[in-house]
Amino acid sequence: MGLGMSLKAFHVVFIIVSTILAVGFGIWAIRDYRARSESASLVVGAGSLLAALALVWYGRWFLRKLKRVGYL
């Protein structure tokens, strides 16, 4: 017995959760950089925030592409 969630709905949920995690990790890494001044933390934090922006862009593109496909 499955969860009853379509592939589209799962994909949308996965993109949202991934975006939240990327933003959270990016903020954590930037704070770590401010506390310890390690350049690796800054690079990782900036990369994570850029990945979050890319996920938002991809999520919008995905929803537009599959606008006519139902969630169930």
Residue identified as over 21 Å from Leu7 (Cβ atoms) and surrounded by 14 or more Cβ atoms within 10 Å (Cβ to Cβ) among Gly59, Gly26: Gly26
Just give me the residues in the stretch 42-56 being closer than 14 Å to Val12 by Cα and open to solvent by 60 Å² or more (accessible area, probe 1.4 Å), in sequence order. Val56
Do any residues in the stretch 28-56 that are touching a residue at least 12 places away in the same chain (Cβ under 8 Å) have Cβ atoms under 7 Å from those of residues that are hydroxyl-bearing (Ser, Thr, Tyr) and open to solvent by 70 Å² or more (accessible area, probe 1.4 Å), where the two are at least six apart or on different chains, and which pairs are they? Ser41/Tyr33; Leu42/Tyr33; Gly45/Tyr33
If I ask for residues that are closer than 16 Å to Leu53 by Cα, aliphatic (A, V, I, L, M) and open to solvent by 100 Å² or more (accessible area, probe 1.4 Å), which ones from the stretch 1-23 would you list? Ile20, Leu21
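The values are calculated or read from the model by the stated rules, or taken from the named source; none is laboratory data. Because the structure is predicted, anything quoted here is derived from the model rather than measured. In this analysis, Cβ positions are derived from the backbone assuming ideal geometry, glycine residues included, and neighbour counts consider all displayed protein chains. Surface accessibility is based on the protein's heavy atoms, side chains included, excluding ligands, DNA and RNA. Shrake-Rupley method; radii C 1.70, N 1.55, O 1.52, S 1.80 Å.
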